[in-house]
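Trainee: Please see the structure below; I have some questions.
The values are calculated or read from the model by the stated rules, or taken from the named source; none is laboratory data. Nothing here was measured: the structure is a model prediction, and the numbers come from that model. Don't worry about glycine lacking a Cβ; one is built from the backbone with ideal geometry, like all the others, and counts go over all protein chains shown.
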RNA sequence: GGGUGGUUAGCUCAGUUGGUAGAGCGUCUCGUUUACACCGAGAAUGUCGGGGGUUCGAGUCCCUCACCACCCACCA
């Protein structure tokens, strides 16, 4: 049996070795900007960063153009009229962190910004550091700068700002690291002059590569790799080792002293001070005219000039435990080159191999995958799957693999080089140490004797490795015994992102990489049910990884459900303390009620506000079903016949009707389930059980239990209630199982019962029509009685007036039910409606209930008038539609027919109502 | 700032090729009728967020504005 850890490690190793055309593995090592805590000297996650607003400043500085170049700087207003034109030899930038200027790799402007168009592709000078070794950086375009903010130009410091990092990545600008792990200015590496010269050459090389200047511009169009960039220390010698805030102060002072700060009149409102002009009446707009001209160095009026330093609240990241300011820092991390494996995951959903429901979540899925970024999978935690990579000291240090005659180097000298070198460590990846040990041994074998005899030893970390190597070197120097030489290697201390392993859930849980029976049987899986909040984290990763590893989609359908919110619509979270514990809800309302509620609210929305009142409502529903079954049991409906799939043959119209209704709801539930509309399934069952079975069928059955159709009715009721239990079982498993086992004699548990498959042949159109008529009549009588304040207990006699044969037959067949439920004493035919009676109109006839002295004529008039008024309104609408030639021409035939039919019925009823009203008028 | 979704009865929400709005809960009235007061019978309640457009017809399609929520990024 495979275990999950084996699967995770195996996939890492496979993807590491799966090289792409560019020679890089799908998993590779690279630099990444992380939130660095200088106190604990570790990377921390976004979630551990607290954003706090602090009072900061924004400085404005001039970056002079290289070689004294100048350009016409032109500003225009919204209408395109020129508002400023001057010749400049610099570009103005703003920053809240002047110390990071040392690491600038470029100045960026928006491609549409015409003010700077003349100087794009030129070099400008970072105005700090020794005057004769100032660094030059290119002026580039990128969408990131906002032309309306500040001067519109942004300095790009890729190693110390998340936005700048993105710009640098897109444009191939180097990210120069300025600080060490304690966030002090670096003091390692070559002197400033040397490093600056290298960076200078790289900047020229960039301009050549981008085609801004001819190749001859740079003698050596230098390209630096990431490690070389990281090794450069561009901190001027006198600032090395300083704290970042101290460095900031010195940088600002130096630039200001040199006259390269942007100067403005002391009255400038941006300085945040109260001054003479800002205190002046705000009446005349001209006086407060834009003083951009001052900012950018135009001739000021009489007032003295000061550096433009705006007080500005800034959101500063702090470590939530260390409380120190977090520094964005470039570090080595492991990545999945997602761009290389993303396409199959996009295609699979596009062509329907995997379906995401609801559809809009597929949009989210596509949007994310089509804009995918490299996935950083290493984490500096001590729990998790440890990365299966081992490092050794660099074997490509100067002179080591050099075949140009450095073989003459003393072998001991070579090992010494290993100790001193700081470049990229040499590494191998394999599932187990023995595997990488062999790989390191092969590398050593190519080295001259006696180094190739060194043995591979695993140690804890790099420091230990250096110690161990030094020690073995000392041993060897004394003993001259090559077996004393060791080449220490250590394992990467990082672990994998939890989503890397979770992304392998579909195959990892089935025993892969072993070809287990479970894997053969269950992969690919059918349906993944999950929340929309982890579509990126989990679903997209599973798709990509399964396709990359085993070449198949992990599931056919992804059903994305809503998230339960609290009553105010907030996401529940432990830290907010607004969590409704499902166990508490279950204690209070029962498991089935909670489950039914969640099901009924599982529409394909995003939010689901859980209200306890609604849970209570569905708890009542469970009780209702329970009581209906209790009633059935009291009448012995389950006695004498075994549970069966097919309904009993029925002659009573009521029984035929409810059997048909059951078949209808079964079909409705199946359709809802097939469409993942669990809410519709729950709703259909609720309406059926309560609204059809309990409200009507049980009541209809009561008189039948004493009549000739008693046996058939018992049998039918048993079958109907069994169907309710079966259909409700997935949503209310406990109540239904309990009922199932305590009512009839059952062959199996309900959980094991077959899902019904009976079809439309059970529906009896004639029975459906007739029962609709019967229930309609009862509803009308009840409504009329209630509105006329007739006491419920009072049984009244009624008259049937002008019933057509169909109505007559329907009435005759169901008389007992109607009398009982409408609380009528008896119904006799009559030719006309007498005075002082209330009128009830139904299809095919009229019923009248004489009330004698009881009737309040005014009230009955009002009741009928109100009904008639609504009916007239509706009929007017229908008539208007039918009178419209455009409607007749454009609407579909069945819609027109339906409209005509409705109008006919409505007119018929309206006529009866009018007749009743006029009789009342006579009586009154 | 970018993206996604939402705005329908007092509350929570349905409304899937556009045909003239529904449910549960709550409210009000009445009620011990052979299961059920966690019940029964009845009733009231909507300019379908605002505006514009397409259409014979718009809660439904298009545009626009407002507000709310969530995800992502946060301003040199």
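Trainee: Just to be sure I understand the filter: pairs with C-beta atoms under 9 Å, separated by 6 or more residues or on different chains, first member in segment A:595-607 and under 17 Å from residue A:620 (Cα atoms) and modelled with pLDDT under 85, second member assigned to a loop (DSSP other than H, G, I, E, B) and within 11 Å of RNA strand B (Cβ to nearest atom). Which pairs pass?
Mentor: Going by the 9 Å Cβ cut-off, the qualifying pairs are A:601/A:562; A:601/A:610.
Trainee: If you don't mind, another one. May I ask you to verify whether residue A:173 is surrounded by 15 or more Cβ atoms within 10 Å (Cβ to Cβ) and touching a helix residue (DSSP H, G or I) at 6+ places or on another chain (Cβ under 8 Å)?
Mentor: In short, yes.
Trainee: So how many residues does segment A:175-192 have that are on the phi < 0 side of the Ramachandran plot and assigned to a loop (DSSP other than H, G, I, E, B)?
Mentor: Going through segment A:175-192 one residue at a time, the tally reaches 12.
Trainee: Step by step: first the residues of segment A:873-887, then only those that are without any contact (Cβ under 8 Å) to a residue 12 or more places away in the chain, closer than 23 Å to residue A:908 by Cα and part of a helix (DSSP H, G or I), then the one that is nearest to RNA strand B (Cβ to nearest atom). Which residue is that?
Mentor: For segment A:873-887, the residue satisfying everything is A:877.
Yes or no, residue by residue, for (1) away from RNA strand B (no atom under 16 Å from the Cβ); (2) in a loop (DSSP other than H, G, I, E, B):
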site	(1), (2)
A:751	yes, no
A:757	yes, yes
A:786	no, no
A:792	no, yes
A:797	yes, no
A:817	no, no
A:820	no, no
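Trainee: Within segment A:345-397, track down each residue that is over 21 Å from the mean Cα position of the chain (by Cα), over 30 Å from residue A:436 (Cα atoms) and surrounded by 14 or more Cβ atoms within 10 Å (Cβ to Cβ).
Mentor: Selection gives A:353 alone.
Trainee: Going through segment A:49-69 one residue at a time, which ones are away from RNA strand B (no atom under 16 Å from the Cβ) and surrounded by 13 or more Cβ atoms within 10 Å (Cβ to Cβ)?
Mentor: Answer for segment A:49-69, where residues must be away from RNA strand B (no atom under 16 Å from the Cβ) and surrounded by 13 or more Cβ atoms within 10 Å (Cβ to Cβ): A:64, A:65, A:66, A:69.
Trainee: Read through the list (1) closer than 26 Å to residue A:652 by Cα; (2) away from RNA strand B (no atom under 13 Å from the Cβ), then give the number of the only condition that residue A:848 fails.
Mentor: It is condition (1) that residue A:848 fails.
Trainee: Residue under question is residue A:664, and the condition is that it be closer than 24 Å to residue A:735 by Cβ and buried (at least 23 other Cβ atoms within 10 Å of the Cβ); does it hold?
Mentor: Spelling it out, it is not the case that residue A:664 is closer than 24 Å to residue A:735 by Cβ and buried (at least 23 other Cβ atoms within 10 Å of the Cβ).
Trainee: Which condition does residue A:841 not pass, out of (1) farther than 29 Å from residue A:903 by Cβ; (2) crowded, with 17+ Cβ neighbours inside 10 Å, if it passes all the others?
Mentor: If we test residue A:841 against (1) farther than 29 Å from residue A:903 by Cβ; (2) crowded, with 17+ Cβ neighbours inside 10 Å, just (1) comes out false.
Trainee: Of the residues that make up segment A:555-572, is at least one more than 16 Å from RNA strand B (Cβ to nearest atom), within 30 Å of residue A:374 (Cβ to Cβ), at pLDDT 80 or above and touching a strand residue (DSSP E or B) at 6+ places or on another chain (Cβ under 8 Å)?
Mentor: Yes, there is a match, as at least one residue in segment A:555-572 is more than 16 Å from RNA strand B (Cβ to nearest atom), within 30 Å of residue A:374 (Cβ to Cβ), at pLDDT 80 or above and touching a strand residue (DSSP E or B) at 6+ places or on another chain (Cβ under 8 Å).
Trainee: Something else: Within segment A:128-150, which residues are under 17 Å from residue A:60 (Cα atoms) and surrounded by fewer than 21 Cβ atoms within 10 Å (Cβ to Cβ)?
Mentor: Of everything in segment A:128-150, those that are under 17 Å from residue A:60 (Cα atoms) and surrounded by fewer than 21 Cβ atoms within 10 Å (Cβ to Cβ) turn out to be A:146, A:147, A:148, A:149, A:150.
Trainee: I'm trying to understand the selection: among the residues of segment A:619-633, which are under 20 Å from residue A:598 (Cβ atoms) and without any contact (Cβ under 8 Å) to a residue 60 or more places away in the chain?
Mentor: Matches in segment A:619-633: A:619, A:620, A:623.
Trainee: Does segment A:737-761 hold any residues that are within 24 Å of residue A:639 (Cβ to Cβ) and touching a residue at least 24 places away in the same chain (Cβ under 8 Å), and which are they?
Mentor: Listed by number, the residues that qualify are A:739, A:743, A:744, A:745, A:746, A:747, A:750, A:753, A:754, A:756, A:758.
Trainee: What is the residue count in segment A:683-712 for residues that are surrounded by 20 or more Cβ atoms within 10 Å (Cβ to Cβ), within 19 Å of residue A:666 (Cβ to Cβ) and near RNA strand B (Cβ under 10 Å from one of its atoms)?
Mentor: Selection size over segment A:683-712: 4.
Trainee: On the given criteria, is residue A:212 surrounded by fewer than 22 Cβ atoms within 10 Å (Cβ to Cβ), part of a loop (DSSP other than H, G, I, E, B) and within 16 Å of RNA strand B (Cβ to nearest atom)?
Mentor: Answer is no for this residue.
Trainee: Another question about this same structure. At pLDDT below 90 and assigned to a helix (DSSP H, G or I) - does that describe any residue in segment A:253-268?
Mentor: no
Trainee: Hey, can you tell me all the residues within segment A:727-749 that are in a helix (DSSP H, G or I) and closer than 18 Å to residue A:690 by Cβ?
Mentor: Within segment A:727-749, A:727, A:728, A:735, A:736, A:739 meet the criteria.
Trainee: Here is a check on your reading of the model: is residue A:547 modelled with pLDDT of 70 or more, more than 24 Å from the chain's Cα centre (by Cα) and farther than 20 Å from residue A:680 by Cβ?
Mentor: no
Trainee: Does any residue of segment A:23-36 turn out to be more than 30 Å from residue A:323 (Cα to Cα), part of a loop (DSSP other than H, G, I, E, B) and touching a strand residue (DSSP E or B) at 6+ places or on another chain (Cβ under 6 Å)?
Mentor: Checking segment A:23-36: not a single residue is more than 30 Å from residue A:323 (Cα to Cα), part of a loop (DSSP other than H, G, I, E, B) and touching a strand residue (DSSP E or B) at 6+ places or on another chain (Cβ under 6 Å).
Trainee: Residue under question is residue A:833, and the condition is that it be more than 15 Å from RNA strand B (Cβ to nearest atom) and either free of Cβ contacts under 8 Å to residues at least 40 places away in the same chain or more than 23 Å from residue A:656 (Cα to Cα) (or both); does it hold?
Mentor: yes
Trainee: Might you check whether a residue that is within 10 Å of RNA strand B (Cβ to nearest atom), in a loop (DSSP other than H, G, I, E, B) and either without any contact (Cβ under 8 Å) to a residue 40 or more places away in the chain or under 43 Å from the mean Cα position of the chain (by Cα) (or both) occurs anywhere in segment A:114-135?
Mentor: no
Trainee: Looking only at segment A:283-293, decide whether some residue is outside any loop (DSSP other than H, G, I, E, B) and either at pLDDT 50 or above or exposed (fewer than 15 other Cβ atoms within 10 Å of the Cβ) (or both).
Mentor: Yes, the conditions are met somewhere in segment A:283-293.
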